[in-house]
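J.: This is the structure I have questions about; it appears just below.
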Number of protein chains: 4
Amino acid sequence: MSSILTLSCRNRPGIVGAVGHFLHAHGQDIREAQQFDDRASGRFFMRVVFAPVGDAPSSGLEAEFAAVGREFGMDWEITPSGHRMRTMILVSRFDHCLVDLVYRQRIGELPMDIVGVIANHPRESYAHLDLDGIPFHHLPIAPDTKMEQEAEVWRLMRESGAELAILARYMQVLSDGLVAKLAGRCINIHHSFLPGFKGAKPYHQAYARGVKLIGATAHYVTTALDEGPIIEQDVERISHGDTPEALVRKGRDIERRVLARAVLGHLERRVFISGSKTVVFAG
Amino acid sequence: MSSILTLSCRNRPGIVGAVGHFLHAHGQDIREAQQFDDRASGRFFMRVVFAPVGDAPSSGLEAEFAAVGREFGMDWEITPSGHRMRTMILVSRFDHCLVDLVYRQRIGELPMDIVGVIANHPRESYAHLDLDGIPFHHLPIAPDTKMEQEAEVWRLMRESGAELAILARYMQVLSDGLVAKLAGRCINIHHSFLPGFKGAKPYHQAYARGVKLIGATAHYVTTALDEGPIIEQDVERISHGDTPEALVRKGRDIERRVLARAVLGHLERRVFISGSKTVVFAG
Amino acid sequence: MSSILTLSCRNRPGIVGAVGHFLHAHGQDIREAQQFDDRASGRFFMRVVFAPVGDAPSSGLEAEFAAVGREFGMDWEITPSGHRMRTMILVSRFDHCLVDLVYRQRIGELPMDIVGVIANHPRESYAHLDLDGIPFHHLPIAPDTKMEQEAEVWRLMRESGAELAILARYMQVLSDGLVAKLAGRCINIHHSFLPGFKGAKPYHQAYARGVKLIGATAHYVTTALDEGPIIEQDVERISHGDTPEALVRKGRDIERRVLARAVLGHLERRVFISGSKTVVFAG
Amino acid sequence: MSSILTLSCRNRPGIVGAVGHFLHAHGQDIREAQQFDDRASGRFFMRVVFAPVGDAPSSGLEAEFAAVGREFGMDWEITPSGHRMRTMILVSRFDHCLVDLVYRQRIGELPMDIVGVIANHPRESYAHLDLDGIPFHHLPIAPDTKMEQEAEVWRLMRESGAELAILARYMQVLSDGLVAKLAGRCINIHHSFLPGFKGAKPYHQAYARGVKLIGATAHYVTTALDEGPIIEQDVERISHGDTPEALVRKGRDIERRVLARAVLGHLERRVFISGSKTVVFAG
């Protein structure tokens, strides 16, 4: 049974050696290791997958590693590789990302437990989606009920033990308060190649501007709309002949795969936030 | 010897039939035809490649076609396929696009005659480039000489009979007056995926924002900086590990191919301006 | 209500003019037209979308067009734009393409009626898929029952009036007899970038060879295995770190979108078979 | 001044720790490290960029590291980061890759010294290429002079101290003897997406097959034609309308960038051969 160590700290000599030495001394073999020394910010990021050699114990390592973490001032975490992150999905009218995430989770592509789906549309809107027991919460929203609705979202997050929130084409802007509570663990899919076409109706903006490629962007949600750290982006070629409706159709494919890749990276703990950007170790 | 007919007009029934009938009646065979009915603007665009059947004459067709053009209110042009457009290239310090265009022209990829190179740096800056007789004009520019320099650019354009100007990483913003004179026949390469990162140092902007793809955009120059009708765009994947310098390096490849594709499209008369956008018939 | 005229014939002067003239004379306006003159084979291909001007009738055009068709020796067809093609989907164990096609059909992306699903695995294998009334046929297959099973496939095709068969990761090789019956209307998705890695376990072949991109190919089925006319292909970048299992996962995304694009092209009558190749007019 | 340590060995616990400990103990700071544990072959690959902390010496490390190398049975090498690899370029009639490599080297993209160009066509064939003092060797080849020509190639490699040979569209098949001498340090660009379209005239093969994407492949040369370990590949979309000549034109762009990326990876010591495949650490 392997484990994943993730850490970040101010860069200084000796980190890799210390981590390597620690794991070896505790009977662990390094299976995979990636690191990044961000020379702009001075931060160092590392992800190590390790497994016990022979019958070395892998429990109790956290307590032992704490000393190393303190010495280097690390933010660190050790997680069993098999950990399934508890995840809440929020959705509005368009369900292509929701349907896709549920399918990928079901066939084992995304190592997560979906602890609930929160929608501001009723269950009937997704009549053909078999949720297979995943709790569905209809939380409609109106200008004057936004605060209550968000309180309910937050309650559901807490009570379900959700570690991650995915805005799967959830078309509501979260309040600064809720964003703060979900900092670093709320992923949104925006249907444009950011920083182009922020805000509403990006495919119509793209059509109006006459771009030759459209894209989608998965990012962590921050209080600045569509400005959070970008995790993943992709594009596809379009032409003058594509109507806004065609862009919406082509865009769905991009949105689905960009969001799924970003979520997989997060679940595998390959994504680190570094200021307004991310470090994403290739999977 | 084939010819190319390009036309645009307000859309109404019968255009294709009238063009097809005209060409057939004048002994011409249609080799290639593309059309686009822009339902947003109500404009119709068409490009037809045709060649005489047997020994039918192809000269004098313009005079005959004028009646058709008048009937439908067309902007139209008939050009021999083999026409080599007279082209002026403008460049600043970075010469990768210039070198690339000259090479492509030389091996026959770009059907144009380069009638001159205008640079705001001296000839020695491009010492290793064999211009093979293409006139080189060093037109340095300073804040108080911009007007004179542009007058000289315009004089060189006129005297050389240049039909097209290519800003091959020419880092000077043209005045509104010169832009007006070059309307629809001045192509710029911008080193970002527009509309993201307009203006100066786009690779540094891209680095600061943390995007996961960088791109380049070829567009017609208009008075609104980096807002002209887009002809071609492309992107490449980058990662957190790419420094601004690496982006500049990777970007050079994108810039070169995007500009060359846009220029080829223009030379082959596949590109039409439709308001703030373009119609580009695939080659 | 618009219609689509598709035709192919030996190329000769006057086709475009004749078609344009015919439609105009019968009160029809051309909305979209694409053509291709295959100089290698001498065949000409054309697709025209047209709609009546004012209250001109669009019924009865077939009878009138027959004369034009005869004159040029055309294979031709006129279909109402809104026609929903009757489609049978065949599937084996992996259901990602089936699930994707059903979803796209449901949200209106694919203008077809799914008249049935034929699987060599039982309905329980796709327990979470809501077929919403689409008939499901479990037709298991064993070496000595292949002939009977195919007879049953063919009976279901005929009785349901299916115009198109989609092999959505159907892992059985069809007999030459069945292939002949489905000529030009049976689309398969192969999970490699053909012509590389024909036959079984292409992702494992790709892993063994160490390629840096993997792909998928949608093609019409012919008696030569994985050699039919290619409709659409796409690829994605992989690395040395990708296990065969990772390739299978990444490949699913490619397969889904390549198959969906090919099917959409076929449904919109943008795909023509030209010998061992296809002509695909852009959508 | 930083250095690059590259190593491979049979995988076993403790390698990362030992390397990290060694470097730290010798006053070196790890700037960049990548590793790959190839579970299929049991081999371990690592690349570490390190630099001295303060005024620690970085000379003499090889002698010290030898003990670590022996302990783990490593193939290893330590190279100064600034090392410019001595490179010989071989070319035939088409010079787009040669011209591109010379340009990239000149502007500092490729950290190599070009010690010579060997061509089986005379210098005049590349009249417009400014070699700026790079020795040019015209070594024509005929069926009965192949052995002598190759002896001359090998003599030039040795006398120039060339560490790398680039076959930049060199259209001669090397003999097994010469291939053996250049094992692991001879990079070829093949103008197809291997394993599709091996051998001669791949663009014509691609046209005949009707593929929808064409590509290029850079690989190490081995005695099996077009079967050596693949370093880099890329593709571009084409259509039914592309003639073989258009494929050749579009292919040139792919060939140039694929070859340049492969060469850069090799120069930066990011590419390891692992049996019939490569491990390429991202740059």
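J.: Please state which of the following conditions B:Q172 fails to meet, knowing it meets all the rest: (1) touching a strand residue (DSSP E or B) at 6+ places or on another chain (Cβ under 9 Å); (2) away from chain A (no Cβ under 14 Å); (3) without any contact (Cβ under 8 Å) to a residue 40 or more places away in the chain.
T.: Condition not satisfied by B:Q172: (3).
J.: Hey, another quick one. Return the residues of the range A:114-128 that are touching a residue at least 12 places away in the same chain (Cβ under 8 Å) and within 14 Å of chain C (Cβ to nearest Cβ); say none if nothing qualifies. Show your work before the answer.
T.: Within the range A:114-128, the first condition is being touching a residue at least 12 places away in the same chain (Cβ under 8 Å), and the residues that meet it are A:114-123, A:125-126.
Residues satisfying the conditions are A:I114, A:R123, A:S125, A:Y126.
J.: Still on this structure, please answer the following. For the range C:41-57, what are the residues that are within 27 Å of the chain's Cα centre (by Cα) and modelled with pLDDT under 90?
T.: To start, the set of residues in the range C:41-57 that are within 27 Å of the chain's Cα centre (by Cα) comprises C:41-51.
Within the range C:41-57, no residue meets the criteria.
J.: Sticking with this one: Answer yes if at least one residue in the range D:180-194 is in a helix (DSSP H, G or I) and either more than 9 Å from chain C (Cβ to nearest Cβ) or among the β-branched types (V, I, T) (or both), and no otherwise. So that I can check it myself, show each step before the final result.
T.: The initial filter retains those residues of the range D:180-194 that are in a helix (DSSP H, G or I), namely D:180-181.
Now narrow it down to the ones that are either more than 9 Å from chain C (Cβ to nearest Cβ) or among the β-branched types (V, I, T) (or both): D:180-181.
Yes, some residue in the range D:180-194 is in a helix (DSSP H, G or I) and either more than 9 Å from chain C (Cβ to nearest Cβ) or among the β-branched types (V, I, T) (or both).
J.: Which one of these is over 30 Å from B:I230 (Cα atoms) and of a type in the set (G, A, S): A:A162, A:A200?
T.: Values: A:A200 fails: over 30 Å from B:I230 (Cα atoms).
Of A:A162, A:A200, the one residue that is over 30 Å from B:I230 (Cα atoms) and of a type in the set (G, A, S) is A:A162.
J.: Hey, does the range B:164-173 have a residue that's modelled with pLDDT under 95, charged (D, E, K, R) and not in a helix (DSSP H, G or I)?
T.: Within the range B:164-173, not a single residue is modelled with pLDDT under 95, charged (D, E, K, R) and not in a helix (DSSP H, G or I).
J.: Hey, among C:R185, C:R209, C:R269, C:R237, which residue is at positive phi and surrounded by fewer than 21 Cβ atoms within 10 Å (Cβ to Cβ)?
T.: Details: C:R185 fails: at positive phi; C:R209 fails: at positive phi; C:R237 fails: at positive phi.
None of the others qualify; the one that does is C:R269.
J.: So which residues in the range A:222-231 are in a loop (DSSP other than H, G, I, E, B) and either among the hydroxyl-bearing types (S, T, Y) or crowded, with 24+ Cβ neighbours inside 10 Å (or both)?
T.: Our first condition is that a residue be in a loop (DSSP other than H, G, I, E, B); within the range A:222-231, this holds for A:222-229.
If the condition is that a residue be in a loop (DSSP other than H, G, I, E, B) and either among the hydroxyl-bearing types (S, T, Y) or crowded, with 24+ Cβ neighbours inside 10 Å (or both), then A:T222, A:T223, A:G228 are the ones that fit.
J.: Determine if the range B:23-32 includes at least one residue that is basic (K, R) and either surrounded by fewer than 18 Cβ atoms within 10 Å (Cβ to Cβ) or more than 30 Å from D:G108 (Cβ to Cβ) (or both).
T.: Quick first cut of the range B:23-32, residues basic (K, R) only: B:31.
Checking which are either surrounded by fewer than 18 Cβ atoms within 10 Å (Cβ to Cβ) or more than 30 Å from D:G108 (Cβ to Cβ) (or both) leaves us with B:31.
There is at least one residue in the range B:23-32 that is basic (K, R) and either surrounded by fewer than 18 Cβ atoms within 10 Å (Cβ to Cβ) or more than 30 Å from D:G108 (Cβ to Cβ) (or both).
J.: Filter the range A:1-24 down to the residues that are small (G, A, S), more than 8 Å from chain D (Cβ to nearest Cβ) and in contact with a helix residue (DSSP H, G or I) (Cβ under 9 Å, 6 or more places away or on another chain) and list them by number.
T.: Of the range A:1-24, the ones small (G, A, S) are A:2-3, A:8, A:14, A:17-18, A:20.
Imposing the further condition that a residue be more than 8 Å from chain D (Cβ to nearest Cβ) reduces the set to A:2-3, A:8.
Residue satisfying the conditions is A:S3 alone.
J.: Separate question: Among (1) under 30 Å from B:I238 (Cα atoms); (2) free of Cβ contacts under 8 Å to residues at least 40 places away in the same chain; (3) of a type outside the set (D, E, K, R); (4) surrounded by fewer than 21 Cβ atoms within 10 Å (Cβ to Cβ), there is one condition C:P244 misses while meeting the rest; what is its number?
T.: Here C:P244 clears every test but (2).
J.: Restricting to the range B:254-283, count the residues that are in a helix (DSSP H, G or I) and in contact with a strand residue (DSSP E or B) (Cβ under 7 Å, 6 or more places away or on another chain).
T.: Filtering the range B:254-283 for residues in a helix (DSSP H, G or I) gives B:254-267.
Those left that are additionally in contact with a strand residue (DSSP E or B) (Cβ under 7 Å, 6 or more places away or on another chain): B:254-255, B:257-259, B:261-263, B:265-267.
Going through the range B:254-283 one residue at a time, the tally reaches 11.
J.: Next question. I'm checking my understanding of the structure. Among residues of the range A:69-105 that are basic (K, R) and either within 14 Å of another protein chain (Cβ to nearest Cβ) or over 15 Å from the mean Cα position of the chain (by Cα) (or both), which one is surrounded by the fewest Cβ atoms within 10 Å (Cβ to Cβ)? Steps first, answer last, please.
T.: The initial filter retains those residues of the range A:69-105 that are basic (K, R), namely A:70, A:84, A:86, A:93, A:104.
From what's left, either within 14 Å of another protein chain (Cβ to nearest Cβ) or over 15 Å from the mean Cα position of the chain (by Cα) (or both): A:70, A:93, A:104.
Values: A:R70: 10, A:R93: 12, A:R104: 21.
Among those residues, the one meeting the criterion is A:R70.
J.: Could you tell me whether B:G199 is under 27 Å from B:Y103 (Cα atoms), in contact (Cβ under 8 Å) with a residue 24 or more places away in the chain and surrounded by fewer than 17 Cβ atoms within 10 Å (Cβ to Cβ)? Quick ask: steps written out before the conclusion?
T.: Working: under 27 Å from B:Y103 (Cα atoms): no; in contact (Cβ under 8 Å) with a residue 24 or more places away in the chain: yes; surrounded by fewer than 17 Cβ atoms within 10 Å (Cβ to Cβ): yes.
No.
J.: If you don't mind, there's one more thing I want to ask. Being assigned to a loop (DSSP other than H, G, I, E, B) and hydroxyl-bearing (S, T, Y) is the filter; apply it to the range C:79-119 and report the residue that is modelled with the highest pLDDT.
T.: So the first thing to find is which residues in the range C:79-119 are assigned to a loop (DSSP other than H, G, I, E, B), and the list is C:81-84, C:92-95, C:107-111.
Those left that are additionally hydroxyl-bearing (S, T, Y): C:81, C:92.
On the way: C:S81: 91, C:S92: 97.
Taking the candidates together, the pick is C:S92.
J.: Yes or no: D:A63 at pLDDT below 95, more than 21 Å from the chain's Cα centre (by Cα) and away from chain A (no Cβ under 12 Å)?
T.: Values: at pLDDT below 95: yes; more than 21 Å from the chain's Cα centre (by Cα): yes; away from chain A (no Cβ under 12 Å): yes.
Yes, satisfied.
J.: Okay, next question. Scan the range B:212-234 residue by residue and report those that are on the phi < 0 side of the Ramachandran plot and either small (G, A, S) or modelled with pLDDT under 95 (or both).
T.: The initial filter retains those residues of the range B:212-234 that are on the phi < 0 side of the Ramachandran plot, namely B:212-225, B:227-234.
Result: B:G215, B:A216, B:A218, B:T223, B:A224, B:L225, B:E227, B:G228.
J.: Here is a follow-up. Answer yes or no as to whether C:S3 is farther than 30 Å from A:Y126 by Cβ and not aromatic (F, W, Y). Steps first, please.
T.: Working: farther than 30 Å from A:Y126 by Cβ: yes; not aromatic (F, W, Y): yes.
Taking the combined requirement at face value, the residue satisfies it.
J.: Then there is this: Quick one: how many residues across the range A:258-283 are away from chain B (no Cβ under 13 Å) and either of a type in the set (D, E, K, R) or without any contact (Cβ under 8 Å) to a residue 60 or more places away in the chain (or both)?
T.: Within the range A:258-283, the first condition is being away from chain B (no Cβ under 13 Å), and the residues that meet it are A:259-260, A:263-264, A:266-269.
After this cut, where a residue has to be either of a type in the set (D, E, K, R) or without any contact (Cβ under 8 Å) to a residue 60 or more places away in the chain (or both) as well, the list is A:268-269.
The qualifying residues number 2.
J.: Tell me, which residue of the range D:28-54 that is of a type in the set (G, A, S) and more than 8 Å from chain A (Cβ to nearest Cβ) is nearest to A:H26 (Cα to Cα)?
T.: Result: D:G42.
J.: Examine the range A:41-59 for a residue that is among the basic types (K, R), under 30 Å from A:V115 (Cα atoms) and either in contact with a helix residue (DSSP H, G or I) (Cβ under 9 Å, 6 or more places away or on another chain) or not assigned by the TED database to the domain that holds A:L164 (or both), and state whether such a residue exists.
T.: So in the range A:41-59, the residues among the basic types (K, R) come out as A:43, A:47.
Restricting the remaining residues to those that are under 30 Å from A:V115 (Cα atoms) gives A:47.
Going one step further and asking which of them are either in contact with a helix residue (DSSP H, G or I) (Cβ under 9 Å, 6 or more places away or on another chain) or not assigned by the TED database to the domain that holds A:L164 (or both), we end up with A:47.
Yes - at least one qualifying residue is present in the range A:41-59.
J.: Which residues, counting only those in the range C:142-163, are modelled with pLDDT under 95 and either buried (at least 18 other Cβ atoms within 10 Å of the Cβ) or not in a helix (DSSP H, G or I) (or both)?
T.: C:A142 - this is the single residue of the range C:142-163 that is modelled with pLDDT under 95 and either buried (at least 18 other Cβ atoms within 10 Å of the Cβ) or not in a helix (DSSP H, G or I) (or both).
J.: Restricting attention to the range B:240-250, does a residue exist that is under 21 Å from A:I214 (Cβ atoms) and not β-branched (V, I, T)? Steps first, answer last, please.
T.: Step one: of the range B:240-250, the residues under 21 Å from A:I214 (Cβ atoms) are none.
No, the range B:240-250 has no match at all.
The values are calculated or read from the model by the stated rules, or taken from the named source; none is laboratory data. These figures come from a predicted structure and were not determined experimentally. Every residue, glycine among them, receives a Cβ derived from its backbone with ideal geometry; neighbour counts consider all protein chains shown.
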